[in-house]
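One structure is given below, encoded as structure tokens.
What follows is calculated from the coordinates using simple rules that are stated; it is not laboratory data. All values derive from a computational prediction rather than experimental measurement. Don't worry about glycine lacking a Cβ; one is built from the backbone with ideal geometry, like all the others, and counts go over all protein chains shown.
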Amino acid sequence: MSDIALVTGGNRGLGREVCRQLSQRGYTVLLTARSEDAARDAAQAVGAVPLRLDVTDPASIAAAAQQVEQTYGRLDVLINSAAITYDTWQRAATADLAVVHEAAETNLYGPWRMVQALLPLLRKSAHPRIVNVSSEAASLASMGAGTPAYNTTKVALNALTRMLAAELRPDHILVNSICPGWVATDMGGPGGRPVSEGAAGIVWAATLPDNGPTGGFFRDGHPLPW
């Protein structure tokens, strides 16, 4: 059986391109989206398998995990790509905390829920990988004002990466955060790098060798400052 990869937020942008690239490498790719129709249409376009999944809904995650277990019996790669709310209109001093809370449900708690639900299946893999799609905007070394919901939730996601990497090292599960760079997606807007280039760094982390890094923050395979 080919390696099994599950990608959240796979119906558009970076997630969809990651699915396409992994499928071309021979992976069985589970392309997930909140809408069953969106998952099906995107999966047909990139050679993936559609799977309905809402990362903010524990019941939806549990159902998806059960389906993966029944169909494949394991999971080799989990890519947490789903993200929302690039809130350029906000400042931390005046931010609407309801917007921050909503962002955290997808950007932080979504990946956290996914790892907890799918960890038993990842432990059945010979070379398990967890990839959290982050952003250099979450680097404390260069952080300034603005986008408080997005930035703080991605900082927290990076912290989760570090903790999981340490805790799961005995299980030989490699866990890394990846910045795809400024990419010309619906969220990133026009002017960014091609989606294929941003996705390539995510695929790099998903396909690391067994002696590859864990607990790192990378863009295009090069370390970034936390």
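Kindly check whether there is at least one residue in segment 99-109 that is assigned to a loop (DSSP other than H, G, I, E, B) and surrounded by 20 or more Cβ atoms within 10 Å (Cβ to Cβ).
Yes, segment 99-109 contains a residue that is assigned to a loop (DSSP other than H, G, I, E, B) and surrounded by 20 or more Cβ atoms within 10 Å (Cβ to Cβ).
Please indicate, with yes or no, whether at least one residue in segment 113-121 is touching a Ser or Thr at 6+ places or on another chain (Cβ under 9 Å), of a type outside the set (S, T, N, Q) and crowded, with 19+ Cβ neighbours inside 10 Å.
Within segment 113-121, one or more residues are touching a Ser or Thr at 6+ places or on another chain (Cβ under 9 Å), of a type outside the set (S, T, N, Q) and crowded, with 19+ Cβ neighbours inside 10 Å.
Okay, residues lined up against (1) buried (at least 21 other Cβ atoms within 10 Å of the Cβ); (2) within 18 Å of Thr88 (Cβ to Cβ):
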| position | (1), (2) |
| --- | --- |
| Ala145 | no, yes |
| Pro194 | no, no |
| Ile202 | yes, no |
| Ala206 | yes, no |
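Of the residues that make up segment 116-124, is at least one within 12 Å of the chain's Cα centre (by Cα) and on the phi < 0 side of the Ramachandran plot?
No: segment 116-124 contains no residue that is within 12 Å of the chain's Cα centre (by Cα) and on the phi < 0 side of the Ramachandran plot.
With the structure loaded, tell me whether Leu78 is surrounded by 15 or more Cβ atoms within 10 Å (Cβ to Cβ), in contact with a strand residue (DSSP E or B) (Cβ under 9 Å, 6 or more places away or on another chain) and over 21 Å from Gly181 (Cβ atoms) or whether it fails that test.
Yes; evaluated as a whole, the condition is true for this residue.
Does segment 211-223 include one or more residues that are in a loop (DSSP other than H, G, I, E, B), in contact with a helix residue (DSSP H, G or I) (Cβ under 7 Å, 6 or more places away or on another chain) and within 25 Å of Tyr109 (Cβ to Cβ)?
There is at least one residue in segment 211-223 that is in a loop (DSSP other than H, G, I, E, B), in contact with a helix residue (DSSP H, G or I) (Cβ under 7 Å, 6 or more places away or on another chain) and within 25 Å of Tyr109 (Cβ to Cβ).
Taking segment 111-135 only, how many residues are within 17 Å of Gly215 (Cβ to Cβ), assigned to a helix (DSSP H, G or I) and in contact with a strand residue (DSSP E or B) (Cβ under 7 Å, 6 or more places away or on another chain)?
Matching residues across segment 111-135 total 3.
Can you work out which of the residues in segment 14-58 that are of a type in the set (Lys, Arg) and out of contact with any Pro (no Cβ under 8 Å at 6 or more places or on another chain) is nearest to Ile178 (Cα to Cα)?
Among those that are of a type in the set (Lys, Arg) and out of contact with any Pro (no Cβ under 8 Å at 6 or more places or on another chain), it is Arg16.
Within segment 93-141, count every residue that is without any contact (Cβ under 8 Å) to a residue 12 or more places away in the chain and under 21 Å from Gly198 (Cβ atoms).
Count: 0.
Does segment 142-183 hold any residues that are without any contact (Cβ under 8 Å) to a residue 24 or more places away in the chain and under 20 Å from Leu122 (Cα atoms), and which are they?
Met163, Glu167, Pro170
Quick one: which strands (runs of 3 or more DSSP E) lie wholly within segment 1-96 and hold at least 3 residues that are aliphatic (A, V, I, L, M) and closer than 22 Å to Asn132 by Cβ?
Those strands (runs of 3 or more DSSP E) span 4-7, 28-33, 77-80.
With the requirement that a residue be among the basic types (Lys, Arg) and in contact with a Ser or Thr (Cβ under 9 Å, 6 or more places away or on another chain), what does segment 17-52 give you?
Residues satisfying the conditions are Arg20, Arg25, Arg34, Arg52.
Can you go through Leu14, Leu51 and tell me which one is touching a strand residue (DSSP E or B) at 6+ places or on another chain (Cβ under 8 Å), under 14 Å from Ala83 (Cβ atoms) and buried (at least 23 other Cβ atoms within 10 Å of the Cβ)?
Leu14
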